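Let me begin by presenting the structure, written as structure tokens, before commenting on it.
The values are calculated or read from the model by the stated rules, or taken from the named source; none is laboratory data. Keep in mind that this is a model prediction, so the values were computed, not measured. FYI the Cβ positions are ideal-geometry reconstructions off the backbone, even for glycines, and counts take in every protein chain you see. Ligands, DNA and RNA are stripped out before the accessible areas are found, and what is left, the full protein with its side chains, is counted by its heavy atoms. Shrake-Rupley method; radii C 1.70, N 1.55, O 1.52, S 1.80 Å.
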Amino acid sequence: QLFKLGPSQSVCVSEGSEVNKEKNYSRGITIQFTTEEESRAFHCAYEQWKKDATVQGSSLPNGTVSAKSKFEDKIEASSAKMYFHYYGQLLHQQNMMQDYVRTGTYYAAVMENRADFFDRVVVDVGAGSGILSLFAAQAGAKHVYAVEASDMAEYARKLIAGNPLLSQKITVVKGKVEEVELPEKADILISEPMGTLLINERMLESYIIARDRFLVPNGKMFPSLGRIHMAPFSDEYLYIEIANKALFWQQQNYYGVNLTPLHGAAFQGYFSQPVVDAFDPRLLVALAVSHEINFKSSKEEDLYEIDIPLSFIASIGTRIHGLACWFDVLFDGSTVQRWLTTAPGAPTTHWYQLRCVLSQPIYVMPGQEITGRLHMVAHKAQSYTINLTVSAKMWGPGAEQGGILQTSSGRFDLKEPYYRMSQPQAYPMAQEQPPQQLLQTQVF
């Protein structure tokens, strides 16, 4: 129970376990708030929690209420189990480690900024195999806490123990960053929290929670900034490939059964899958825009829903088939700043790029304005639902009136992408801008 002692002071009392029926005791803590407003906010949040806990019926036989951790509250247990099982296997860690763009950029960012790591306490968030912890130790870290929730923690211990010159500086802590306790604060966090489209798997939220729990004020984060880049694209090959998948459901005599009633649903189902592959940057038909996420200042709640306005000017006349996306992150070292990019045309990473393909393309002319919205909402399967709207504004005479000529929209589940790893088609350069121009970005 929570009681107010004054405008900015409260006491929280909990009943203790009864050893026998004659003994009944409680324990409590006093809470001193910075302001009266902070006190009111805490009491409101507490009352809401009590209400929710009662509704959920989470009372135990002894009468106390079980409180889930923040991670368990927002993530489905089945999703978390699969997630930690996946990252608990060496073959998946190998897949990431063999992405030499990824691993090499992390190594360079750490070694080029030894001054940031030397004699510092480091926390490796979601350490996996422990490779980044070993990099930090190589750079002269005072001590590294490698926090890993999956069974990969045991492999990390073996790998670190097999490097005795570095192992004395590293402690592997098995558990979620939302739940573990560490003996000291960190001067610097290092992590590889990026998923497809930067935000998939929702590990960025854990990275921010680790910042709030473990990092000293003004401590460093590697990486410290992420950007999602977006541009409209035209790819007739891809559109036809997806549309043709639903042709199966156009059979009117499949072992004597008419499948056509399900064709529409199948068609929309295939177009609800974001496409993950490496594409030719010449497919982009406008300069990219970008959305920035500052890991040092963003709140965890900022990642629950991401709403990005879109505005482009078409560089050529063509059919727009959807929105292409990629990301990059910044290692803002004291000595060297280094970017890790997944851009089309750059060396391919295991993240590739992502494209949301619209079931109804729209037509544009050179110089025509393209507007829209990319709205991403987190869900409990550790991913996002993506809602995309793209519109072609009025072009030519009367354009100043700002009307919309065409609009197309789609809904996509980032959890269920279509991994298309075939080689990109060769595309002609005619009427198209050089790739380096198309990759310039402006920040919203």
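Hey, got a sec? Which chymotrypsin sites (Phe, Trp or Tyr not before Pro) in the range 124-158 land in a DSSP loop and have at most 15 other Cβ atoms within 10 Å? Loop-located and lightly packed - none at all. Dipole magnitude for the chain: computed about the Cα centre from +1 point charges on Lys and Arg Cβ and -1 point charges on Asp and Glu Cβ, it is near 420 debye.
Ligands, DNA and RNA aside, Asp413 has an accessible area near 50 Å² when probed at 1.4 Å. The range 303-331 and the range 83-162 have their alpha-carbon centroids 32 Å apart. Overall dimensions of the chain, expressed as equivalent-ellipsoid semi-axes from the Cα gyration tensor (√(5λ), whole Å, largest first), are 44, 29, 24. Of all aspartates and glutamates in the structure, the ones whose alpha carbon falls short of 19 Å from that of Lys81, not counting any fewer than 8 places away in one chain, are Glu72, Asp73, Glu148, Asp151, Glu154, Glu178, Glu179, Glu201, Glu205, Glu416.
Pick out, from Ala381, Leu340, Ser311, the residue whose Cα sits farthest towards the positive end of the charge dipole of the chain, with +1 on the Cβ of Lys and Arg and -1 on the Cβ of Asp and Glu. The residue sitting farthest along the positive end of the dipole is Ala381.
Loop-located GluC sites (Glu not before Pro) in the range 145-204 (DSSP state other than H, G, I, E, B) with a sparse environment of at most 14 neighbouring Cβ atoms within 10 Å: Glu179, Glu181, Glu184.
Only the Cβ atoms of Lys and Arg (+1) and of Asp and Glu (-1) were treated as charged; on that basis the dipole of the range 227-419 about its Cα centre amounts to roughly 180 debye. What length, rounded to one decimal in nm, is gained on full extension from Met111 through to Leu405, with 0.36 nm per residue of separation minus their alpha-carbon distance? So the extension gain works out to 100.5 nm.
Rounded to two decimals, the Cα-based Rg/Rh of the range 77-192, with Kirkwood Rh, is 0.95. Considering the range 306-348 at the alpha-carbon level, its Rg and Dmax are found to be 15.3, 46 Å. The range 258-292 and the range 227-253 have Cα centres separated by 6 Å. Normalised per residue, the accessible area of the chain is 50 Å², obtained with a 1.4 Å probe and no contribution from ligands, DNA or RNA. Can you give me the P(r) profile for the range 303-419? Cα pairs, bins 10 angstrom wide beginning at 0, each as a whole percent. Over the range 303-419, the share of Cα pairs per 10 Å bin runs 12, 34, 33, 17, 4, 0 percent. Beta bridges per DSSP, both residues in the chain: antiparallel share near 75 percent. When the C-alpha to C-alpha distance is required to be over 32 Å, the pairs from Lys74/Lys220; Lys142/Lys380; Lys4/Lys220; Lys158/Lys220 that qualify are Lys142/Lys380; Lys4/Lys220. Share of carbon and sulfur in the accessible area of the chain stands at 52%, probe radius 1.4 Å.
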